[in-house]
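No lab work stands behind these numbers, since they all come straight from the coordinates. Quantities reported herein were computed from a predicted structural model and do not represent experimental measurements. Cβ: placed from backbone, ideal geometry, glycine included. Neighbour counts: every protein chain shown.
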Amino acid sequence: MMLEHNPIVAFFFFLLGTIVGSFTNVLIWRIPRGESIVFPGSHCPKCGAKIKFYDNIPILSYIILGGKCRNCSSKISIKYPLIESFVGIAYLLTYLLYPAAPFIETIQMILIIPIFLAISCIDIEHWVIPDELTISVAVVGIAASFIIGGWKMFVSSLIGAAIGAFIFWIISVLGKRAFRKEAMGGGDILLIGAVGFLVGWKNILLVIFISALLGAIGGIIAVLIRKAISHKDTKTDSAIPFGPFICAATLIVIPFGEKMLNWYLSLFK
C-alpha cells in the first residue's frame, strides 16, 4: 500500500511541523536554564505575561504582532518563527521521502528532528548537549530497531552505539594528549552513542565520516568569520560545537545511508 503525495496530507505535515517547532523553541529556551518544559505555560521572557492562545499560533502570530510582545512591546527573536518554519519544512520533506506504509520511518524522523534541532541550537549557544535530549535519541533508536527488525536489528543498533562511543572516546583521549585540551566533549561521546542506536553499526561509521567532513568545513568558515570580525592577524580559536554536525550527518544518513554505502561498495566491484 502506497501513500500518495496528497496536497492536503502534505499541508498537514507542514502544519504539524510548525506546531512541534513551537514546542522545540520551548526546549531550546528552558532546558539549559533548568526550567520545566510543561509549567508554567508560554509567557514573555521579558515581562512574564502569559501568552494567549491566539498569540501563540506558529509563524502567523509573529507576523501579526510584528515580532513584538503584545503586552510589553519587547522584541521577539526572529529565531522563533525560523525554527517553526524549519521543522515544518523538515516534516513536509519527511512525508515526501517516506511515502510507503508502514510508517515507522516517518514516525522516527518526526520524533528525532525536533530533538536534533534542540540539541544543535543549545550546543551552539551554550556549548552543552543536555543528557535528557541524548537519552531521548537513544530511546527512539532502541524502540525503532525493535519494531523494524526485532532482536537482530537491536543487536546491530547496540553494536553501532558501542562503536560510535568508543571511536569518539579514543579521539577525546588522543586529542587531549596531543593538544593539551578537550578535543571531544563528553556530550558528543554520549550523542554519537545514542545515534548508533538509530543507524546501526554500518551507518554509524558513515555518520562519523560525514560529521567530520561537515565539521571541517564549518571550522574553516568559523575561523574566517572570526578573523573578519576581529580584524586581527593573531591566532584565532578554531573550536566549534560538534553536536550540530553529528545531528546533520545523522539526518543525511538515515534516509540515504544505505544508498551511499551501496554506491561506495560498487566502486570496488
Query raised in the report: At a Förster distance of 41 Å, what's the computed FRET efficiency of residue 60 paired with residue 239, Cβ-Cβ distance as r, to 0.05?
Result: 0.60
Report task. Would you mind checking the range 69-92 for residues with the amide N under 17 Å from a putative spin-label position 7 Å along Cα→C-beta of residue 46? Result -> 69-81
Report summary line: With DSSP loop assignment and no more than 13 other C-beta atoms within 10 Å, the chymotrypsin sites (Phe, Trp or Tyr not before Pro) in the range 152-223 are none
Report task. Using only the Cα atoms of the chain, build the gyration tensor, take square roots of its eigenvalues as a ≥ b ≥ c, and label the shape rounded, prolate or oblate: rounded if a/c is under 1.5, else prolate if a/b is larger than b/c, else oblate. Result -> oblate
Query raised in the report: residue 230 to residue 216: extension gain in nm, 0.36 nm per residue of separation minus the Cα-Cα distance?
Result: 2.9 nm
Query raised in the report: Using alpha carbon coordinates only, what is the Rg to Rh ratio of the range 1-101, with Rh defined as the Kirkwood radius?
Result: 1.06
Query raised in the report: In a GNM of the chain with a 10 Å cut-off on Cα contacts, which of 83, 63, 37 has the highest mean-square fluctuation?
Result: 63
Query - Simple spin-label estimate for residue 139 and residue 103 in nanometres, 7 Å along Cα-Cβ - result: 2.1 nm
Report summary line: Taking a ≥ b ≥ c as the square roots of the Cα gyration tensor eigenvalues, with a/c under 1.5 meaning rounded and otherwise prolate when a/b beats b/c or oblate if not, the range 67-209 comes out oblate
Report task. In whole Hz, with x marking every Gly and Pro, tabulate ³J(HN,Hα) for the range 178-191 from phi via Karplus 6.51 cos²θ - 1.76 cosθ + 1.60, θ = phi - 60°. Result -> 7, 10, 6, 7, 5, 9, 8, x, x, x, 5, 5, 5, 5
Report summary line: In a Gaussian network model of the chain with springs linking alpha carbons closer than 10 Å, the residue among 191, 65, 213 that fluctuates most is 65
Report summary line: Rounded to the nearest 0.05, FRET efficiency between residue 179 and residue 148 (Cβ-Cβ, R0 41 Å) equals 0.55
Report summary line: Plugging the Cβ-Cβ distance of residue 159 and residue 12 into 1/(1 + (r/R0)^6) at R0 = 41 Å yields, to the nearest 0.05, a FRET efficiency of 0.65
Requested in this report: With the cut-off at 16 Å, report for the range 63-134 the share of all Cα pairs above it, as a whole percent.
Outcome: 61 percent
Report task. Kindly provide the GluC sites (Glu not before Pro) of the range 120-223 that DSSP labels as loop, not H, G, I, E or B, and whose Cβ sees at most 13 other Cβ atoms within 10 Å. Result -> 182
